[in-house]
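The values are calculated or read from the model by the stated rules, or taken from the named source; none is laboratory data. It should be emphasised that the depicted structure is a prediction, and the values quoted were computed from it without experimental measurement. Reconstructed Cβ throughout: ideal geometry from the backbone, glycine too, with neighbour counts over all protein chains shown. Quick note on the areas: whole protein, heavy atoms, side chains included, nothing else; ligands and nucleic acids left out. Shrake-Rupley method; radii C 1.70, N 1.55, O 1.52, S 1.80 Å.
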Amino acid sequence: MPPDATFHRGLLIFTAVLAFCVVAIGAWVRLNAAGLGCPDWPACYGHLSAGGAAGDAARIDALYPSQPVIPAKAALEMLHRYLAGTLGLVVAASAFFVWWRGRRTMAAILVLLVVFQALLGMWTVTRRLAPLAVTGHLLGGMSLLALLWWLALDAGAAASRWPRHRLFPWAAAGLALLFAQIALGAWTSSHHAGLACLGFPACDGSWLPDLSFGPVAIQWSHRLGALTLLIVLGGLALMSKGASRAALAVGLLLLLQIALGAANVLSGLTPEISVAHTAGAALLLLALVTLVHRLNGASP
């Protein structure tokens, strides 16, 4: 590749890695109940840093008697905001190079997506972790990650292309199902339904739980989604293993995700396992995007 193309691809890969880190740290913030560590936005109790808020704790506690400053949670929330802000700047730089290389629609989508993500981040705080805002914020982060990775793959692909593989529609449908499952996972977490069903794979020892109780229905839907993904993506990985090494990655990460999901319930939602489950979903998404890209006809 020419030097400018190499730089362009390197920038996109770096941006995708940073987006992955922001998604993982966002999960760590949520699972440590630090999402409202700073109840205002974009400042933290009116300060630019968690340290500034901690130094002004006496005045802040009088203003927010129901939500005093907890320095550790405020610091975690502000770390996520600073990283997200850095990501926004790097995405803007990446979008410029995408536009410069002639893909103006993709550049516009990148910019709009990162702006919408910032708004969702604000709404997540100002709406006090409303489930719809939390779910939308995670989906937006995953969408941004997937688009950046797709563009990075495109930047490294040869000019010539193979014919689109017959399994491409299957892979594209699997990608849509994966996004739906990520949404279900976020909906489960934002409704505190992660432990609505104890035990795994049965729900409180039952294979037909009472779905009239909302959290149980949410948790059971997420489990049925996992089973559907196992069938669809598992079959895809087996059928396309000769087309790309990404198929092997999809299969292995799919099994890892199911294992982490089970461990999540059996451990009582240990934060470390829950974050690993979110990070695993992001890695599975990257592997599936790679496979879809390859089946779409990209040259190896």
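Remarks
- Among the numbered conditions (1) closer than 15 Å to HIS47 by Cβ; (2) in contact with a Leu (Cβ under 8 Å, 6 or more places away or on another chain); (3) open to solvent by 50 Å² or more (accessible area, probe 1.4 Å), the only one that GLN67 does not meet is (3).
- Selection of region 50-75 for residues being in a loop (DSSP other than H, G, I, E, B) and modelled with pLDDT of 90 or more yields only ILE70.
- Residue, farthest from THR6 (Cα to Cα), within region 44-103, restricted to residues that are aliphatic (A, V, I, L, M) and in contact with a strand residue (DSSP E or B) (Cβ under 7 Å, 6 or more places away or on another chain): ALA53
- Some residue of region 236-251 being of a type outside the set (Gly, Ala, Ser) and touching a residue at least 60 places away in the same chain (Cβ under 8 Å): yes
- Boolean, GLY140 is assigned to a helix (DSSP H, G or I), without any contact (Cβ under 8 Å) to a residue 40 or more places away in the chain, open to solvent by less than 50 Å² (accessible area, probe 1.4 Å) and under 24 Å from ILE13 (Cβ atoms): yes
- Checking ALA54, ALA92, ALA62, ALA72 one by one, the residue that is more than 16 Å from the chain's Cα centre (by Cα), over 30 Å from ILE218 (Cα atoms) and open to solvent by less than 50 Å² (accessible area, probe 1.4 Å) is ALA54 and no other.
- Positions within region 99-155 being of a type in the set (Val, Ile, Thr) and touching a Ser or Thr at 6+ places or on another chain (Cβ under 8 Å), in sequence order: VAL134, THR135
- Looking across region 102-121, the residues that are over 17 Å from the mean Cα position of the chain (by Cα) and surrounded by 14 or more Cβ atoms within 10 Å (Cβ to Cβ) come down to ARG103, MET106, ALA107, ILE109, VAL111.
- Selection within region 1-51 - open to solvent by 50 Å² or more (accessible area, probe 1.4 Å), within 14 Å of LYS73 (Cα to Cα) and aliphatic (A, V, I, L, M): LEU31, ALA33
The rows are residues; the columns are (1) among the aliphatic types (A, V, I, L, M); (2) in contact (Cβ under 8 Å) with a residue 60 or more places away in the chain.
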{"site": "PHE20", "(1), (2)": "no, yes"}
{"site": "ALA24", "(1), (2)": "yes, yes"}
{"site": "ALA27", "(1), (2)": "yes, yes"}
{"site": "GLY37", "(1), (2)": "no, no"}
{"site": "CYS44", "(1), (2)": "no, no"}
{"site": "LEU48", "(1), (2)": "yes, no"}
{"site": "ALA53", "(1), (2)": "yes, no"}
{"site": "ALA72", "(1), (2)": "yes, no"}
{"site": "TYR82", "(1), (2)": "no, no"}
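- Number of the exception - ARG164 against (1) assigned to a helix (DSSP H, G or I); (2) open to solvent by 50 Å² or more (accessible area, probe 1.4 Å); (3) touching a residue at least 40 places away in the same chain (Cβ under 8 Å): (1)
- For region 261-277, the set of residues classified as of a type outside the set (Val, Ile, Thr) and within 14 Å of PRO201 (Cβ to Cβ) consists of GLY261, ALA262, ALA263, ASN264, LEU266, listed by residue number.
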